[in-house]
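Participant: Following this message is one structure expressed as structure tokens.
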Amino acid sequence: MWNEIESAPREELEKIQLRRLQDTCQRVYHLVPFYKKKFDELGIKPADVRSLEDLKRLPFTTKQDLRDHYPFGLFTVPMDQVVRIHSSSGTTGKPTVVGYTKHDMEVWIEVMARTLSMVDVGPGDVVHNAYGYGLFTGGLGFHYGAEKVGAAVVPSSGGFTKRQLLLMKDFGATILACTPSFALHLAEVAKEEGYELKKDFKIRAGFFGAEPASQGLREELKEQWGLIYCEAYGLSEIIGPGVAAGCPYGNLHIFEDHFIPEVIDSETGEVLPDGEEGELVFTTVTKQALPIIRYRTKDVTVLHREPCKCGRTLTVMESVKGRADDMLIVNGVNVFPSQVEHVLTKVEGTTPNYVIVLDKKGVLDKLEVWVEVDDKTFADGIGALEALKARLQQEMLNDLYINVKIKLVEPKTLERSMGKAKRIIDKRDAEGLKK
Ligand code: DLL
């Protein structure tokens, strides 16, 4: 464990959280007009925050609020104290911009060191970092964390799959950091190139995140590479990767001495009790440049507060199945892409390379899944393909309660992603049912 706070008694942790929350409220109230207005509208003053229970009285912040104050309108420090800026690409409208002071960088590096320490990464380890470097927080986040723990970091960034494999082999990489979809792609290309994964590579653990991964995909990566699967979770608005990290027992611990989590009902905004599924909300309590109160992540999860076998007392979040806005509503039934992926990983003959295509037929939604078959099934011919298709359709109906049309495609024909995978093509009207 990198820092003993990770296993501190809850009362001690909560005292720290409260003190930091109170400081943060003072800070945003007096320094950011947006927050002053929001607090005033709710009739709450920073001094009214007397216990952690009072958190639920505070206003929410959304991605739209960040966009409305583009680029630096919610920063609490003058620009001469900002030492780093990141931004998310943002498919619609303006990007979201985040900034860090020197102190914020120290916090980020600390939580990344804690992340890597989940499997004791340190001197002697070679971290092959294939998260994108640049405005995306994945590359630089892992980079600084790996240096902090004393590992050697290879800043390979995304793309150039064959060259990555060569470097991983020749430099003796022991740790792989990338999106789960890219790890699968690396495995696939490695096999094509004639490598034997477990023999030619020394990867002992992987830090996979930035997108959801089904249980099936996790098992596949563990099995193919022979590695310990560690999950990395985070978002740029809060800090980047390092908001939560998976321990060797598979529990995703939130570094809540810096980021206080809540789960709310997306519709009503009410806080839900532990064990209930809802939208994850974070309040940062140590950030300086861009502290953020009750940020609505749109990620759907469940919180648990029982102690973990690893000794950490930090709150555990279940892996994010998808974002509330990724959730597809198909003829009234809620479907997450990761549920489709899970079915694909259960059925032999397919690969987890797929695209979900949504369309409308009359008033009804039509969901089609294009999925690559494996080389063997493809070679087995039409009979095998028809049987596979029928089986997949049946499994989808059993698991997702909807009729899914399956289109089998040749191995290696769907586009591969070097970063976050793009899984959905929605051809329905803009005002269709997608929420
Ligand atoms: O994806 C930060 C990151 C980089 C996390 C590297 C982990 C590893 P953003 O680009 O701002 O930041 O995207 C944040 O990605 O709200 C989730 O929807 C999704 N996400 C991140 N980690 C996971 C995960 C980075 N482990 C958004 N499982 C978040 C599922 C994840 N979704």
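Participant: Taking the alpha-carbon centroid of each part, what is the distance from the range 1-78 to the range 277-328 in angstrom?
Facilitator: 15 Å
Participant: Just need the relative contact order of the range 274-351 here, percent rounded to a whole number, with Cα pairs under 8 Å and 6+ apart.
Facilitator: Numbers: 104 pairs, mean separation 16.3, N = 78.
Once divided by the residue count of the range 274-351, the mean separation gives 21 percent.
Participant: Moving on. Give the lysines reachable from LYS361 as a straight Cα distance under 18 Å; neighbours fewer than 8 places away on the same chain don't count.
Facilitator: Within the straight-line limit of under 18 Å, LYS361 reaches these lysines: LYS405, LYS407, LYS427, LYS434.
Participant: Quick one: how many Å² of TRP2 are accessible to a 1.4 Å probe, rounded to 10?
Facilitator: Approximately 100 Å² for this residue.
Participant: Return the subset of LYS102/LYS309; LYS36/LYS63; LYS222/LYS321; LYS199/LYS412 for which the Cα-Cα distance in this structure is over 28 Å, preserving the input order.
Facilitator: Working: LYS102/LYS309 34 Å; LYS36/LYS63 18 Å; LYS222/LYS321 19 Å; LYS199/LYS412 24 Å.
Violating the 28 Å limit, Cα to Cα: LYS102/LYS309.
Participant: Okay, moving on. For a 25 Å ceiling on Cα separation, which of these pairs sit above it: LYS376/LYS420; LYS198/LYS346; LYS389/LYS422? Mind dumping the intermediate values first?
Facilitator: Details: LYS376/LYS420 28 Å; LYS198/LYS346 23 Å; LYS389/LYS422 23 Å.
From LYS376/LYS420; LYS198/LYS346; LYS389/LYS422, over 25 Å: LYS376/LYS420.
Participant: So, one more: Would you tally the net charge around ARG312, using a Cβ to Cβ cut-off of less than 12 Å, leaving ARG312 out, and scoring K and R as +1, D and E as -1? Display every interim value, and only then the final one.
Facilitator: Numbers: positive: ARG10, ARG114, ARG305, LYS309; negative: GLU4, GLU6, GLU256, ASP257, GLU306.
Spelling it out: positives minus negatives among the neighbours equals -1.
Participant: With an 8 Å Cα cut-off and a minimum separation of 6 or more residues, compute the relative contact order for the range 101-178 in percent. Working shown, then result.
Facilitator: Values: 116 pairs, mean separation 29.7, N = 78.
This gives 38 percent for the range 101-178.
Participant: Additional query: In whole Å, largest first, what are the principal axis extents of the Cα atoms in the range 333-426?
Facilitator: Sorted from largest, the Cα extents of the range 333-426 read 38, 32, 23 Å.
Participant: What residues qualify as long-range amide H neighbours of LYS202, i.e. H under 5 Å apart, gap of 5 or more or another chain, H built at 1.01 Å from N?
Facilitator: ALA173
Participant: Moving to a separate point now. Name the most mobile residue of ALA390, ALA205, ALA151, meaning the one with the largest mean-square fluctuation, in a Gaussian network model of the chain with Cα contacts below 10 Å.
Facilitator: Among ALA390, ALA205, ALA151, the largest GNM mean-square fluctuation belongs to ALA390.
Participant: Could you check what % of the DSSP bridge pairs in the chain are antiparallel, to the nearest 5? Please report the intermediate quantities before stating the final value.
Facilitator: On the way: 40 of 65 bridges.
In the chain, DSSP labels about 60 percent of beta bridges as antiparallel.
Participant: Same structure again: Provide the net charge surrounding LYS38, with neighbours chosen by a C-beta distance below 11 Å and charges set as Lys +1, Arg +1, Asp -1, Glu -1.
Facilitator: Counting the neighbours of LYS38, the net charge comes to 0.
Participant: Here is a follow-up. Add -39500 (n - 2.57) for each DSSP H run of 4 or more in the chain, then divide by its residues: what number comes out at 222 nm, to the nearest 500 deg cm²/dmol? Intermediate values should be presented prior to the final figure.
Facilitator: On the way: 12 runs with 137 residues, N = 435.
After summing the helix terms and dividing by residue count, I get -9500 deg cm²/dmol.
Participant: What FRET efficiency comes out for the pair LYS376/PHE171, r = Cβ-Cβ distance, R0 = 51 Å, nearest 0.05?
Facilitator: Working: r = 33 Å, r/R0 = 0.64.
Using R0 = 51 Å, I get an efficiency of 0.95.
Participant: Further question on the same structure: In what order, largest first, do TYR401, TYR100 sit by accessible area if the probe radius is 1.4 Å? Please report the intermediate quantities before stating the final value.
Facilitator: Numbers: TYR401 170, TYR100 0 Å².
Largest accessible area first, the list is TYR401, TYR100.
Participant: Okay, moving on. Pull up the cross-link candidates among the aspartates and glutamates for LYS37, meaning alpha carbon to alpha carbon under 16 Å and not fewer than 8 places away within one chain.
Facilitator: ASP48, ASP65, ASP68
Participant: While we're looking at this one, here's another question. Tell me, what % of the accessible area of the range 1-103 is carbon and sulfur with a 1.4 angstrom probe? Each step should come with its number before you reach the end.
Facilitator: Values: 3010 of 5750 Å².
The computed percentage sits at 52.
Participant: Now a separate question. Can you work out the accessible area per residue across the chain, with the rest of the protein chains kept in place, probe 1.4 Å, in square angstrom? Please list the in-between numbers first.
Facilitator: Values: 19120 Å² over 435 residues.
On a per-residue basis, the chain sits at 44 Å².
Participant: Going 7 Å from the Cα of LYS412 along its beta-carbon direction, which residues of the range 207-228 have the amide nitrogen within less than 20 Å of the resulting point?
Facilitator: Under cut-off, by backbone N: 221, 224-225.
Participant: Okay, moving on. With a sphere of radius 15 Å drawn around the Cβ of PRO123, what net charge do the other residues whose Cβ falls strictly inside it have (Lys, Arg +1; Asp, Glu -1)? List each step's numbers first, then the result.
Facilitator: Details: positive: LYS148, ARG204; negative: ASP120, ASP125, GLU147.
Residues near PRO123 contribute -1 overall.
Participant: OK, next. Please compute P(r) over all alpha-carbon pairs of the range 4-325, binned at 10 Å starting from zero, and give each bin as a whole-number percent.
Facilitator: Bins of 10 Å from zero give 6, 27, 34, 23, 9, 2, 0 percent of pairs.
Participant: Then there's this: Carbon and sulfur: what percent of the range 333-426's accessible surface (1.4 Å probe)? Could the numbers behind the result be given before it?
Facilitator: Working: 2600 of 4870 Å².
Carbon and sulfur together cover 53 percent of it.
The values are calculated or read from the model by the stated rules, or taken from the named source; none is laboratory data. Values in this document were obtained by computation on a predicted structure and should not be read as measured data. Backbone-built Cβ (ideal geometry, glycine too); neighbour counts: all protein chains shown. Accessible surface areas use protein heavy atoms only, side chains included; no ligands, DNA or RNA. Shrake-Rupley method; radii C 1.70, N 1.55, O 1.52, S 1.80 Å.
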